[in-house]
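Report on the structure given below.
The values are calculated or read from the model by the stated rules, or taken from the named source; none is laboratory data. Remember, predicted model here, so these are calculated numbers, not experimental data. As a convention, Cβ positions derive from the backbone with ideal geometry for all residues, glycine included, and neighbour counts pool all protein chains shown.
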Amino acid sequence: MPRGMVTIDKERCKGCGLCIAACPHQVLAYSGQLNRSGYNVVYAENPEACVGCAFCALTCPDVAIEVYREKITT
Ligand code: SF4
Ligand code: SF4
């Protein structure tokens, strides 16, 4: 499985939770932290489980998530 990493732009996040539901590996969760708009923002609770599939980023209506994949060299 390729390893991935996500970053979440807290100020873009509106706490809708769609990315949490979209992640097949339970990487994302609510942080309990409010951004400047008052939304409970998402963070990577289990970052080591991320495979870089980008389902979360494709689901986010506010383009708050960036996904990076580890480059596999053979
Ligand atoms: S890239 Fe895939 S595995 Fe990683 S947090 Fe997003 S949906 Fe989950
Ligand atoms: S889908 Fe986007 S806006 Fe919604 S909780 Fe996730 S990061 Fe925030």
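A few remarks follow.
- Within region 34-56, the set of residues being assigned to a loop (DSSP other than H, G, I, E, B) and not hydroxyl-bearing (Ser, Thr, Tyr) comprises Asn35, Arg36, Gly38, Glu45, Asn46, Cys50, Val51, Gly52, Cys53, Ala54.
- Annotation: Thr7 fulfils all but one of (1) more than 27 Å from Ile72 (Cα to Cα); (2) among the hydroxyl-bearing types (Ser, Thr, Tyr); (3) within 11 Å of ligand 1 (Cβ to nearest atom); the unmet one is (1).
- Of everything in region 52-74 that is more than 9 Å from the chain's Cα centre (by Cα) and acidic (Asp, Glu), the residue that is surrounded by the most Cβ atoms within 10 Å (Cβ to Cβ) is Asp62.
- Residues of region 10-51 satisfying the condition of being surrounded by 12 or more Cβ atoms within 10 Å (Cβ to Cβ), farther than 15 Å from Ala64 by Cβ and either of a type outside the set (A, V, I, L, M) or in contact (Cβ under 8 Å) with a residue 60 or more places away in the chain (or both): His25, Glu45, Asn46, Pro47, Cys50
- Taking the numbered list (1) in a loop (DSSP other than H, G, I, E, B); (2) modelled with pLDDT of 95 or more; (3) hydrophobic (A, V, I, L, M, F, W, C) in turn, Ile72 passes all entries but (2).
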